[in-house]
Structures are given as C-alpha cells and as structure tokens.
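The structure under discussion appears below in the form of structure tokens.
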Amino acid sequence: QVQLVESGGGLVQAGGSLRLSCAASGRTFSTYVGWFRQAPGKEREFVAAIRWSGGGPYYEDSVKGRFTISRDNAKNTVYLQMNSLKPEDTAVYYCAATSKSVPLRSSGGVDYWGKGTLVTVSS
C-alpha cells in the first residue's frame, strides 16, 4: 500500500512560484509518481509524472517550460516546482502513483491518490 501526503500549496500572485512536495510511504510498491490537478467545475487532469527509477519526466503541454517535477528517492519524496504561475493554474493539486509499468498520464492509470493541496493564483 502506498500513502501520499502533499504539502506546499497556498496563495500566490500571477508570475510567482510555488513548490509542492509529496511524501510517499510504501514507495517500493509504485513505479511512477506524479501530479494531477482539478480546477473548480472541471475534470481532474494530468500535470506531470516521473518514474522512481529515473524514466521520464512527462508533462502536460500547458505546463511545459514552467513546471518541473523531480524526486528524491532517499526521502521518498516527489516535488513539483511551479514557476510563472497563471490564474488558470488555480486548482487542487493531487499527488498520484501507480504500480503499473506504463507511464502515468491519465487518471485511469492511478492506483494511489493523495488528498490534495490547494493552489490559488491571483491575477
């Protein structure tokens, strides 16, 4: 069983930065770990993912060049550095993991979810 706990959300002005963290227990049961987000009234969408052993990373097109996913295997933690934030990045951000061998790119591939952390970007 994998447990995921996010932290680092908050309120930031447009153009600012935030770094999200996700601490994973039971990490050895997962292959890929990543981030999804869900804005009010919208479906949950893929943001970025990385393989614990080093494959990837993979990004949703709208965050390429602004967001960076990274991992610290010694700390069993994955990070999402978000720069040049826009109001449309406002959402609850969820850490997610899978034990499957295919890259994590959709909600259907997720085996484990965190509870989420809110990111609000003001204009």
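Observations
- Any hit, region 111-119, residues being of a type in the set (A, V, I, L, M, F, W, C) and part of a loop (DSSP other than H, G, I, E, B): no
- Qualifying positions in region 41-62 - within 17 Å of Leu85 (Cβ to Cβ), of a type outside the set (D, E, K, R) and in contact with a strand residue (DSSP E or B) (Cβ under 8 Å, 6 or more places away or on another chain): Val47, Ala48, Tyr59
- Where strands (runs of 3 or more DSSP E) sit wholly within region 16-79, those with at least 1 residues that are surrounded by fewer than 17 Cβ atoms within 10 Å (Cβ to Cβ) and without any contact (Cβ under 8 Å) to a residue 12 or more places away in the chain occupy 67-72.
- Test: residue in region 1-11 that is surrounded by 16 or more Cβ atoms within 10 Å (Cβ to Cβ), in contact with a helix residue (DSSP H, G or I) (Cβ under 9 Å, 6 or more places away or on another chain) and not in a strand (DSSP E or B): yes
- Top-ranked residue in region 83-123 [being closer than 21 Å to Gln13 by Cβ and either touching a helix residue (DSSP H, G or I) at 6+ places or on another chain (Cβ under 7 Å) or among the small types (Gly, Ala, Ser) (or both); ranked as surrounded by the fewest Cβ atoms within 10 Å (Cβ to Cβ)]: Ser123
A short reminder: the numbers here are calculations on the coordinates, not readings from a lab. A quick note: this is a predicted structure, and the numbers were derived from the prediction, not measured. All Cβ positions, even for glycine, are placed from backbone atoms using ideal geometry, and neighbour counts span all protein chains on display.
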